[in-house]
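The block underneath contains the structure these notes are about, expressed in structure tokens.
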Amino acid sequence: MQSYNAKLGLLFFTVYTLFYSAFVFLNVFAPQMMEQTPIQGVNLAILLGIGLIVLALVMALLYGFLCRREEAAGSSEEGHK
């Protein structure tokens, strides 16, 4: 069970790191793109930054849900032994 949690955590860490790296590279190599204002004067850098925060929150909730579900499945299997 802990192995599952660790693998899932590393997967989520990798996914988030890829999104964050893309955000940083855009800021470094295409700052003019980040200045665009697609929604009511809010620039793309702010929108993507908020998106990263939302992504982190969603991934944390999903991680907690999946780990709890795996823990419940593991404890029910132990009860049958």
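Only the coordinates and a few stated rules stand behind these numbers; no lab work does. In this text, all values refer to a predicted model and were calculated from it rather than measured experimentally. Cβ: placed from backbone, ideal geometry, glycine included. Neighbour counts: every protein chain shown.
Worth a mention:
- Residues of the stretch 15-64 classified as under 30 Å from SER3 (Cα atoms), surrounded by 12 or more Cβ atoms within 10 Å (Cβ to Cβ) and either touching a Ser or Thr at 6+ places or on another chain (Cβ under 6 Å) or not hydrophobic (A, V, I, L, M, F, W, C) (or both), total: 4
- Among the candidates GLY41, GLY9, residue that is small (Gly, Ala, Ser) and over 15 Å from the mean Cα position of the chain (by Cα): GLY41
- Enumeration of residues in the stretch 24-41 that are outside any helix (DSSP H, G or I), out of contact with any helix residue (DSSP H, G or I) (no Cβ under 9 Å at 6 or more places or on another chain) and either closer than 22 Å to PHE12 by Cβ or of a type in the set (A, V, I, L, M, F, W, C) (or both): ALA30
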